[in-house]
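A short write-up of the structure that comes next.
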Amino acid sequence: LNFEMQLRGAVANGELELFYQPKISLDSGVACGVEALVRWHHPTLGMIPPVEFIPVAEATGIIDALGDWVLEEACRQLRAWRLAGLGTIKIAVNVSARQLQQSDLPEYIASLAQKYEISACDLEVELTESVLMANPEEISGVLSRLRGIGVLVAIDDFGTGYSSLAYLRRLPIDVLKIDRSFVMNADRDESDGQVVKLILGLGSALQLAIVAEGVETEAQAAFLKSCGCTTAQGYLYARPQPAAQLETWLRKHA
Ligand code: G
Ligand code: G
Ligand code: MN
Ligand code: NA
């Protein structure tokens, strides 16, 4: 069986799992949300990271079924965490270009929110800067409709693509996630630090929330705080982990 056929089966056979990584409010140290990151438990190869199968899923169209599964699983988990008393946590889900080009994405999410009795306001979608800028006019329409039902929109890996400032100002966006390549050396490298400050400035100018990705050290966190960054995500706080483990983590860090 080739990789593609196995991946197609993985969605149907329950071999996928969502891991979750918290986003931390730098002021309080409390988690304000989590990012869902898909994993594939391959029956013989073990756990396969998304960088190895998401591109295949995108190229083959498997991403349609996989993306639907990810969104449904995130909604189911949101409901489960509600019932478990973790009332205010939000979940961010990564979406591919193809999912955004499916014109019924907002309706699909609205139907999931209804099915799991959650609010779409507790969901966020993350799309990369390159996906957005490749087709800003078309994607802008979908993003407006997503926001219309309350879903937040975040731009992932910000700073690595080619964003047009004219579009950034006009597009329906709520959050910029500073790519971890800038965060990594921000506290030690003058120009990386300046890029981080520039993105924070852009955030205040355009009224966008800023999340720093890939925070691994206290020095990076201190630098970000000193620049007025409010939210961070990275191994310093927690690695992406299974839902049950994350639930334990959340209870300790509430
Ligand atoms: O989880 P990891 O730490 O290895 O993530 C690697 C990459 O895979 C990230 O760029 C992330 O955006 C992408 N990714 C993880 N989960 C999903 C998903 O559910 N859908 C899509 N489209 N991409 C994902
Ligand atoms: O969607 P996105 O491309 O932002 O996916 C986030 C990726 O970054 C995932 O692969 C996740 O496991 C990884 N990641 C999260 N925190 C850290 C970190 O602190 N350091 C590094 N090197 N990777 C991280
Ligand atoms: Mn992401
Ligand atoms: Na990213």
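Using only alpha carbons, the stretch 3-252 has a radius of gyration to Kirkwood radius ratio (Rg to Rh) of 0.95. Lysines within cross-link reach of Lys23: Cα-Cα under 17 Å, excluding same-chain residues under 8 positions apart? Candidates past the 8-residue exclusion: Lys90, Lys177, Lys225, Lys252.
So, counting K/R as plus one and D/E as minus one, what does the shell of residues with Cβ under 11 Å around Ile118 add up to? Result for the neighbourhood of Ile118: +3. Find, among the chymotrypsin sites (Phe, Trp or Tyr not before Pro) in the stretch 122-202, those assigned to loop by DSSP (not H, G, I, E, B) with at most 16 other beta-carbon atoms within 10 angstrom. When the chymotrypsin sites (Phe, Trp or Tyr not before Pro) of the stretch 122-202 are filtered for loop state and at most 16 Cβ neighbours within 10 Å, Tyr162 remain. So, counting K/R as plus one and D/E as minus one, what does the shell of residues with Cβ under 15 Å around Gly29 add up to? Computed value for this residue: +2.
Tally Lys and Arg at +1 and Asp and Glu at -1 over the other residues with C-beta under 14 Å from the C-beta of Phe3: what net charge comes out?
Here the count lands on -3.
Averaged over residues, the count of other Cβ atoms within 10 Å places the peptides 120-129, 55-64 in the sequence 120-129, 55-64, highest first.
Using just its DSSP H runs of length 4 or more, each adding -39500 (n - 2.57), the chain gives a mean residue ellipticity at 222 nm of -14500 deg cm²/dmol after division by all residues.
Each value in this text was obtained by applying a stated rule to the coordinates, not by laboratory testing. Bear in mind the structure is a predicted one, so any value in this text is a computation, not a measurement. Please note: Cβ atoms are built from the backbone with ideal geometry, for glycine as well, and neighbour counts cover all protein chains shown.
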